[in-house]
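The values are calculated or read from the model by the stated rules, or taken from the named source; none is laboratory data. No experiment lies behind these values; they were computed from the predicted model shown. Positions of Cβ are generated from backbone atoms using ideal geometry, with glycine treated the same way; all protein chains shown enter the neighbour counts. With ligands, DNA and RNA removed, areas are computed over all heavy atoms of the protein, side chains included. Shrake-Rupley method; radii C 1.70, N 1.55, O 1.52, S 1.80 Å.
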Amino acid sequence: MYTEEGLLNEIRELMDDDELFEMYERAFREYHYYFDTTNYIVLNVYNFNDHGPIHVLLTTRRALELLRIIRKFSIQTTAEKLGKPFRWSKFIVAFGALFHDIGNMIHRTPHYQFSVFLAEPIIDKLVREFEERDPLLLKALTLNAIYTHDEHVPCTTIEGSLVTIADGCDMEEGRSRLVHKKDKVDIHAVSALAIKRVEIKEGNEEEPILIEIWMKHPAGIFQVDEILTKKVKSSLLSGKVRLRIHTGADGEIFEKVV
């Protein structure tokens, strides 16, 4: 369904910043073995679903889609509120999404803390290449976006909120490219397979973010409630996100604001 090259092309277009994209693509290829190793452990030790290269690229793409939408609706990012240029937000979102899950190679709990630990020297190097005047602040904000992507950690920045919501959107059947154990049948496995497609769209002034979800079976509601809804509620954008859910049952559509 997704390919690395296809997602990279979409990220390039959304980023609209050649210098930043060159850094991003270089980092993705240089640390590809981090994503591969993380995924190998997640799949074979934890018996969990895909947390590899496709997942981090897809999370980046969706986070940038969200960033574009909130900018259109004049929602200031945290970097902008601190007097920094908008491209800082692109950096934070892109590299926060890229490295958010690498801590899984150490342990699933609390993987977001281990992600910060492993990503710190990498982010430090990238930040110093990107920003000369205030590298420590940019580094702190990027590590914050990595740390807060888990729904158990309240978001404190808009950029971190975008990474969190984007991460929660990767629950469609494509995520089951390398899913749970073949002999494992439970609500998590059934629900994960029930989600057909997820799209991020523009909403309205009250709820600027619209996330549309198509299901093959209503069992997918469990996935939405347990993953995406919890992540949205942990973000600073709670109340500004509308979910439109096509349940697959006689064309029924269910909507809610989270």
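Observations
- Single unsatisfied condition, residue 51 versus (1) in contact with an Asp or Glu (Cβ under 6 Å, 6 or more places away or on another chain); (2) assigned to a helix (DSSP H, G or I): (2)
- For the range 131-144, residues that are crowded, with 18+ Cβ neighbours inside 10 Å and either of a type outside the set (D, E, K, R) or part of a helix (DSSP H, G or I) (or both) total 6.
- Taken together, 91, 99, 86 contain a single residue that is in contact with a Lys or Arg (Cβ under 8 Å, 6 or more places away or on another chain) and aromatic (Phe, Trp, Tyr), which is 86.
A quick yes/no check of all residues on (1) more than 13 Å from the chain's Cα centre (by Cα); (2) modelled with pLDDT under 95; (3) not aliphatic (A, V, I, L, M):
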| position | (1), (2), (3) |
| --- | --- |
| 6 | yes, no, yes |
| 43 | yes, yes, no |
| 57 | no, no, no |
| 63 | no, no, no |
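- So residue 150, is it touching a helix residue (DSSP H, G or I) at 6+ places or on another chain (Cβ under 8 Å), surrounded by fewer than 24 Cβ atoms within 10 Å (Cβ to Cβ), in a loop (DSSP other than H, G, I, E, B) and not hydroxyl-bearing (Ser, Thr, Tyr): yes
- Being at negative phi, of a type in the set (A, V, I, L, M) and either without any contact (Cβ under 8 Å) to a residue 12 or more places away in the chain or assigned to a loop (DSSP other than H, G, I, E, B) (or both) holds for only one residue in 123, 75, and it is 75.
- Residue match in the range 189-210 (condition: open to solvent by less than 10 Å² (accessible area, probe 1.4 Å) and in contact with a Cys (Cβ under 6 Å, 6 or more places away or on another chain)): yes
- Checking residue 6 against (1) open to solvent by 10 Å² or more (accessible area, probe 1.4 Å); (2) without any contact (Cβ under 8 Å) to a residue 12 or more places away in the chain; (3) over 19 Å from residue 169 (Cα atoms), the condition it does not meet: (3)
- Test: residue 30 is modelled with pLDDT of 95 or more, open to solvent by 30 Å² or more (accessible area, probe 1.4 Å) and under 27 Å from residue 104 (Cα atoms): yes
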